[in-house]
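Please treat every number below as a calculation from the coordinates, not as lab data. As the structure is a computational prediction, the values presented were derived from the model and not from experiment. Using ideal geometry, Cβ is built from the backbone for each residue, glycine included, and neighbour counts are taken over all protein chains shown.
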Amino acid sequence: MRHRRHRLSMRDRLRHRRRRRLVELSVTVKTAPAAGRRADRAAELAAKAMDKIGDPAAHPEERAQRQRHLTKGPEEFREVRVDRPKAKK
């Protein structure tokens with residue numbers, strides 16, 4: 001009987017150690033900022049697409065301004081958007 005209680009308590013201790021280790025691993029695992037890379041890639045693809053369909057007769061500065069306006073949105077709404085970080089002033 002005593003031997004059986006000891007064996008159960010050893011199992012419990014091992015289980016506790018395994019759980020603690022899993023929690024430690026889950027807390028310390030660092031994930032790559034995949035969302036930032038995806039956003040950069042999406043912006044790059046959008047810029048290429050806009051270059052293809054943009055007005056070739058327009059001045060380069062005007063094309064860049066149009067592109068910024070399309071990707072960032074109108075200035076009036078930039079402060080209201082919740083899916084983007086606030087602009088630094």
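Miscellaneous remarks
- Point-to-point label distance, E79-T28, nm (Cα→Cβ direction, 7 Å offset): 4.6
- Sorted largest first, extent of the range 34-78 alpha carbons per principal axis (Å): 37, 26, 13
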